[in-house]
Amino acid sequence: MAYEACRQASTAVAEGSVGAGAGATVGKVLGIASAMKGGVGTWSLTLPGGIVVGALAVVNAFGDVLDDRTGQILAGARDPGGGFLNTARTVQVAGVPPGTGIGESTTLVVVATNAHLTKEEANWLARLAHDGLARVIAPVHTLYDGDTVFALSLGDRRGPLLAVGAAAVDAVAEAVKRGVRLARSAGGVPGLGG
C-alpha cells in the first residue's frame, strides 16, 4: 500500500474530509454527538528571497477551532440549545464528563520549507510551530490530545530563521482553519464544508 501511495502521489493535495481527515472531529467535550467534523488543511507562505514555508494539518482536536482574528468558534462542541458550547470555558467550570477518551484526539502537522535547516533548527521549528495550534485550538495539548508537529527542510535557501519560524506559526494556524472549513458532514457529524 505504501508503494502504491507513493506511485499515485502528486502535487495536488486534497483537503477537508479526505484521507486521515475523513474520521477527524473537533469539540469532543460532550462526546461525538455534539462534535463537528475536522479534516485535512494546508497553507503556505512565500518569504522574500523565495523561501517557502508550508503546513499540512490533520485536525482531530478535543478542543474547538477558533478564528484567531475574531476569537469566534469556527467548529467545535455544539450547545444543545444551538450555537457553540465553548469547550475551554466548559472544562474550566464543569470539568470533563466521565467517559471522555484519552488518546481519541490528535492534531498532526507537518511543516516543510525549502530553507536550509540543521537538525537542531528543524527541531526548534517544530516546537515553535505548535504556537500555530495554540492560536486556533482551545483548549489545545490537553490530556486527551496527542498533538504532534514534524518539521523538515527540502532545500538549501538561506534566510533569517526567525522569519521562517514566524511563517510556520501562521501557516499552521491557517492550515488548521482550512481543515475544518473544508470538512464535510459525515456519519451524523456536521461539517462546515457542507
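The values are calculated or read from the model by the stated rules, or taken from the named source; none is laboratory data. These figures come from a predicted structure and were not determined experimentally. Reconstructed Cβ throughout: ideal geometry from the backbone, glycine too, with neighbour counts over all protein chains shown. Ligands, DNA and RNA are excluded from the accessible area calculation, which covers all protein heavy atoms including side chains. Shrake-Rupley method; radii C 1.70, N 1.55, O 1.52, S 1.80 Å.
So for the chain, taking the charge dipole from beta-carbon charges (+1 Lys/Arg, -1 Asp/Glu), which of Val52, Thr42, Ala183 sits furthest toward the positive end?
Ala183
Can you give the Rg to Rh ratio of region 8-47, both from alpha-carbon atoms, with Rh computed by the Kirkwood formula?
The Rg/Rh ratio comes out at 1.15.
Leaving out same-chain residues fewer than 8 places away, which aspartates and glutamates sit with a Cα under 18 Å from that of Lys177?
Within the straight-line cut-off, Lys177 pairs with Glu15, Asp64, Asp67, Asp68, Asp131, Asp145, Asp147.
Please state the charge dipole magnitude for the chain, taken about the Cα centre, from unit charges on C-beta atoms (+1 on K and R, -1 on D and E), reported in debye and rounded to the nearest 20.
Working: 15 positive and 15 negative charges, 51 e Å.
Rounded to the nearest 20 debye, it is 240 debye.
What is the Cα radius of gyration of region 55-127 over 2.2 N^0.38 Å, N being its residue count?
Values: Rg = 16.6 Å, N = 73, 2.2 N^0.38 = 11.2 Å.
Normalised Rg, Cα atoms only: 1.48.
Taking all pairs of different Cα atoms in region 44-94, averaging 1/r and flipping that mean, what Kirkwood radius in angstroms comes out? Intermediate values should be presented prior to the final figure.
Numbers: mean 1/r = 0.0742 Å⁻¹.
Result for region 44-94, one decimal place: 13.5 Å.
Roughly speaking, what is the centre-to-centre gap between region 1-64 and region 118-185 when only Cα atoms are used, to the nearest Å?
About 12 Å separates the Cα centre of region 1-64 from the one of region 118-185.
Please give the per residue accessible area of the chain, computed with a probe of 1.4 Å over protein heavy atoms only, in Å².
On the way: 9670 Å² over 194 residues.
Value for the chain: 50 Å² per residue.
Which whole-percent values make up P(r) of region 129-187 when all C-alpha to C-alpha distances are grouped in 5 Å steps starting at zero?
4, 15, 21, 21, 18, 11, 6, 2, 1, 0
Taking a quarter of the surface of the convex hull around the Cα atoms of the chain, what do you get in nm²?
Numbers: hull surface 48.5 nm².
Projected over every direction and averaged, the Cα hull of the chain covers 12.1 nm².
Nearest 500 deg cm²/dmol is fine: what mean residue ellipticity at 222 nm does the chain get from its DSSP H runs of n ≥ 4 alone, each adding -39,500 (n - 2.57), divided by its residue count? Can you show the working numbers first?
Details: 4 runs with 54 residues, N = 194.
Helices in the chain give a 222 nm mean residue ellipticity of -9000 deg cm²/dmol.
Which order, highest average first, do 137-143, 164-170, 185-191 follow once you tally other Cβ atoms within 10 Å for each residue and take the mean per peptide? Show your work: numbers first, answer last.
Values: 137-143: 20.1, 164-170: 22.9, 185-191: 14.7.
Ranked from most to least packed, the peptides come out as 164-170, 137-143, 185-191.
Could you work out the longest stretch of the chain that avoids the trypsin sites (Lys or Arg not before Pro) located in DSSP loops with at most 16 other Cβ atoms within 10 Å?
Values: sites that count: Arg69, Arg158.
Counting at most 16 other Cβ atoms within 10 Å as exposed, the longest clean stretch of the chain is 70-157.
How many nm is it between the label spots at Lys119 and Ile32, if each spot is 7 Å from the Cα in line with the beta carbon?
For Lys119 paired with Ile32, the spin-label model returns 4.1 nm.
Report, to the nearest whole %, how much of the accessible area of region 24-87 belongs to carbon and sulfur atoms, 1.4 Å probe, protein only.
Numbers: 1390 of 2370 Å².
Result for region 24-87: 59 percent of the exposed heavy-atom area is carbon or sulfur.
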